[in-house]
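The values are calculated or read from the model by the stated rules, or taken from the named source; none is laboratory data. Just so you know, these numbers come straight off a predicted model, no measurement behind them. All Cβ positions, glycine included, derive from the backbone under ideal geometry; neighbour counts span all protein chains shown. Surface areas here come from the heavy atoms of the whole protein model, side chains and all, with no ligands, DNA or RNA. Shrake-Rupley method; radii C 1.70, N 1.55, O 1.52, S 1.80 Å.
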Amino acid sequence: MSEPEAPLRQQIAAAIEAIRQQLGVLRQGPSIGGPLDNRSVIADLETELAGLEEARANLGPHDR
């Protein structure tokens, strides 16, 4: 039997936290080897994060 889906607000909060963690890792740079150019990946994640934050702000009281 599958687990029930988490409320939308909780799903968005989890996605925002996951993206923030990934951004933190990418901004720290590599721990081994030479420098990486993660600017495009960071930009994509920042765009996704902004979209999720906007979606969360637009949730109504009925969107648990």
Just to be sure I understand the model, the point goes 7 Å from the Cα along the line to the Cβ. What's the resulting Q21 to R56 distance in nm? 1.4 nm
Can you tell me how much longer the chain between E48 and S31 gets when fully stretched, taken as 0.36 nm per residue apart minus their C-alpha distance, in nm with one decimal? 3.6 nm
Tell me the relative contact order for the chain as a rounded percent, counting alpha carbon contacts under 8 Å between residues six or more apart. 54 percent
Quick one: pull the percent of accessible area on the chain belonging to carbon and sulfur, 1.4 Å probe, ligands and nucleic acids left out. 53 percent
Magnitude of the Cβ-charge dipole (Lys and Arg +1, Asp and Glu -1) of the chain about the Cα centre, nearest 20 debye, reported as 180 debye
Among P35, L59, I12 the positive-end extreme of the charge dipole of the chain (Cβ point charges): P35
For 33-44, 14-25, ranked highest to lowest by mean beta-carbon neighbours within 10 Å, the order is 14-25, 33-44
Can you compute the FRET efficiency between A13 and N38 using 1/(1 + (r/R0)^6), with r the Cβ-Cβ distance and R0 = 30 Å? Round to the nearest 0.05. 0.75
